[in-house]
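Reviewing the structure listed below.
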């Protein structure tokens, strides 16, 4: 272009700048071409502004607009959506309002796509009333404007207004349906999300992924896997986001065989196992008891992000390989990957499992002093659990009292667990007193204290606690449940549960396991059974 003197052709330079920024993210080449032009027109300016915004340089985009005005080049309606997006990236309300003024001044306030960008900008600035005013003043609205306004209401949690607009729409596209379903999903209204999903005239990959995520976020993991199977049967191919969610559902259910199948599906369908899918697989295999596969996935990953390292450290920790987990942290630090708060929860958990008190203390201080990570409730919970398990209950209590925020039920529960282990009734009473304030209807804490007295044959105190529970109306909670995977199906059951066909097979297996334990010399501790 330089050789043929085409570097002054506005149309060609427009195309060149668009290619440099949108394909190669090379703003330097775009700027070089732009600055060599003697008289760039508005289309060239628009390409540069759009390119800077696309490459994450919103300040430079606004500077180019100021340069454009000084050069007496008048903007078009296509100038402003990119400028508004730049203001959104900067969270610059004042600058955005100034751009809004420019839109009025240049007579583009009736352009649908310009106004739609303004609705989105104000909603991202938490100015929903401004968004609604722009929407209400629009002389005409298309489906994108309606959908953006619905999304704006959902962003501030105003589900009623969003649904009212949704019902008023004469035309809806898939994005509109997806937006509304996602709104219900985020608020945990699974039934409403299901109802809308079933009413959809057509569904795309995002629709299915939203529903799978909705089930998973609301702990309905079996339903998430069922939805994934329906998605495949409908001919829609999942993407990385879908697969990450599905793998996570397998992890929560402990469904190893299903997890292996999904991993195989990934490989057979050419889906790239990137760092995000990789971290989900590492976590899934570890939680399903297959630590060797978890480590295999980790070491085969070409690129590892923080989530991958945290997942493998957590996997080693929960399997009791505390020293290996700590060694992995050291390796992570040598790779210049900075650990975060989640990583340290896994590290402290490893120390707790192995009873490494000094190491736990050192890592806790390292987190604060070396990495400037403020400890949260989970970190304190790990430390209290570690100290409590070691019998250092006074130190654990002192740590709780030194916290800068109010301890939650998890922290007091960890202390109570230590008291149970070392039969410290004095501190146990203190912990239960706090727990009954935080969770007055949770019978578990009363039962734990009750069992402690029962172990010491102090039946008068047992009776007092039972009477106190009756007076306060505290009832024993519903029993916990377990999952088991049989022939690719997940079954949920509780003790003495005979509600499904797999019950007989489950209990035959339990009897067999009980027999093996007895042969191995293991005797159950019946001290806590009243």
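The values are calculated or read from the model by the stated rules, or taken from the named source; none is laboratory data. Computed from a predicted model, the values in this text were never measured in an experiment. Reconstructed Cβ throughout: ideal geometry from the backbone, glycine too, with neighbour counts over all protein chains shown.
To keep it simple, each residue is scored yes or no on (1) assigned to a helix (DSSP H, G or I); (2) touching a helix residue (DSSP H, G or I) at 6+ places or on another chain (Cβ under 9 Å); (3) touching a residue at least 60 places away in the same chain (Cβ under 8 Å); (4) closer than 30 Å to residue 303 by Cβ.
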site	(1), (2), (3), (4)
333	yes, no, no, yes
345	yes, yes, no, yes
353	yes, yes, no, yes
365	yes, no, no, no
374	no, yes, no, yes
384	yes, yes, no, no
388	yes, yes, no, no
396	yes, yes, no, no
404	no, no, no, no
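A quick yes/no check of all residues on (1) within 26 Å of residue 119 (Cα to Cα); (2) at pLDDT below 95; (3) within 31 Å of the chain's Cα centre (by Cα); (4) assigned to a helix (DSSP H, G or I):
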position: 3; (1), (2), (3), (4): no, yes, no, no
position: 7; (1), (2), (3), (4): no, yes, no, yes
position: 44; (1), (2), (3), (4): no, no, no, yes
position: 49; (1), (2), (3), (4): yes, no, no, yes
position: 52; (1), (2), (3), (4): yes, no, yes, yes
position: 62; (1), (2), (3), (4): yes, no, no, yes
position: 77; (1), (2), (3), (4): yes, yes, no, no
Any idea how many residues of the range 455-471 are in a helix (DSSP H, G or I), surrounded by fewer than 18 Cβ atoms within 10 Å (Cβ to Cβ) and in contact (Cβ under 8 Å) with a residue 24 or more places away in the chain? 2
Criterion: modelled with pLDDT under 80, out of contact with any strand residue (DSSP E or B) (no Cβ under 9 Å at 6 or more places or on another chain) and assigned to a helix (DSSP H, G or I) - qualifying residue of 444, 417, 527: 444
Test: residue 416 is more than 30 Å from residue 338 (Cα to Cα) and in contact with a helix residue (DSSP H, G or I) (Cβ under 8 Å, 6 or more places away or on another chain): yes
